[in-house]
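Written out below as structure tokens is the structure these notes cover.
The values are calculated or read from the model by the stated rules, or taken from the named source; none is laboratory data. No experiment lies behind these values; they were computed from the predicted model shown. Glycine gets a Cβ as well: all are built from the backbone with ideal geometry, and neighbour counts include every protein chain shown.
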Amino acid sequence: MLADEVDHVIGVDTHRDHHSAAVTTTAGAVAAQHTVGADSSGYAELLRFADGEAPGARAWAIEGTGSYGAGLTAFLAGRGERVVEIDRPKRPARRDGAKSDELDAIRAAREGLSREHLCQPRQRDWHEALRVLMATRHGAVTAQTRAIGSLKSLIVSAPDLLRCQLRGLATDQQLARCARLRICADHSLERRATTMALRATARRALALQAEARELETEIAALVADIAPDLLAEFGVGPITAAQILLSYSHHQRFRDESAFASHSGTSPIPASSGQTVRHRLNRSGDRKLNRALHVIVLTRVAHDPKTRAYVERRTAQGKTPREIRRCLKRYTARHLYRLLQTNPNLTPINPT
């Protein structure tokens, strides 16, 4: 535990404009508190404060290392400080409902002292580059889906002559046709307005499609540079590989492969009763990572001969398709974790 390795723990409650810090001893007693601005001068001031109030071995327990605390985390890690990631501390039930940034900083420090397993902050550099590309692509794909839905609705209620031209076409053909529609002066007011709406919606969907493809190309190049062996796995494409890398982040983030499986929501949950011994799906964990593993498993079930043979064997043993997928996702999580563990590019941000 952290209390056995350091002399002080500095808890930090992060916000957009300022950070509140609290120095605690290994017994949880508060030694000092300080608030600084959330900028480079504030980070330097906070480090000087720690040098004076927390000499010797120390660790920083920071809440929000991937959001408001990202700048402070990178600053401290670059100066050799030990940083651990703390999610939002649980507030104890209190009659007075006390809440402040200073109290949250103290809770963050005490959370770091009480937890047996602590997470290190995620990488910056390639990890942050991959994260922003994936987030932007997700926004483009989501907006494109909405635009296509709007186009379909417009076609349903379009004037008969216009609707008959479009309703029998595939989606890609509808987009191409609508993007080229022209407005004629002899058309009715309704048809002119509908044509304009269809054309604008189709062009927006096509622009978003092009944007998503451009981002996918960048993501694929980045993933190929970081983890080419991951892309070589059957059923693993650039987007699923990127999500796996984002969730894994670096070595030592997870204590072992079972912790990674629990984080991905693939660890089996006992659901036995009487003489029935079975496990059910785990519906918690990182759902984006779980979805990536699910896509890999579905691809292998459809196209990989070894996986298909496994499915047939387990089906003959009386397993349901859902139980078989659960087993395959657990195996996939184990295999990919061991593969990532051997990747030299995934070193921790502050190795201990």
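Annotations for the structure displayed:
- Among residues of region 179-205, those that are loosely packed, with under 12 Cβ neighbours inside 10 Å and under 27 Å from A140 (Cβ atoms), counted: 1
- Filter result for A105 (more than 19 Å from G42 (Cα to Cα), at pLDDT 85 or above, buried (at least 21 other Cβ atoms within 10 Å of the Cβ) and in the same structural domain as H15 (by TED's automatic domain parsing)): no
- Region 48-76, residues that are within 30 Å of S247 (Cβ to Cβ) and either modelled with pLDDT of 95 or more or surrounded by fewer than 15 Cβ atoms within 10 Å (Cβ to Cβ) (or both): S67
- Some residue of region 29-38 being exposed (fewer than 15 other Cβ atoms within 10 Å of the Cβ), modelled with pLDDT of 90 or more and in a loop (DSSP other than H, G, I, E, B): yes
- Of all the listed residues (L198, L206), the sole one being more than 26 Å from E128 (Cβ to Cβ) and either in a loop (DSSP other than H, G, I, E, B) or touching a Cys at 6+ places or on another chain (Cβ under 9 Å) (or both) is L198.
- All conditions in (1) farther than 30 Å from G69 by Cβ; (2) in contact with a Lys or Arg (Cβ under 9 Å, 6 or more places away or on another chain) hold for R131, with the sole exception of (1).
- Residue check for P344: under 25 Å from T65 (Cα atoms) and either modelled with pLDDT under 95 or acidic (D, E) (or both): yes
- Residue match in region 181-195 (condition: over 35 Å from the mean Cα position of the chain (by Cα), part of a helix (DSSP H, G or I) and of a type in the set (A, V, I, L, M)): yes
- Residue within region 116-123 that is surrounded by 15 or more Cβ atoms within 10 Å (Cβ to Cβ) and hydrophobic (A, V, I, L, M, F, W, C) present: yes
- Count of residues meeting criterion [in a loop (DSSP other than H, G, I, E, B), under 34 Å from the mean Cα position of the chain (by Cα) and of a type in the set (D, E, K, R)] in region 150-176: 0
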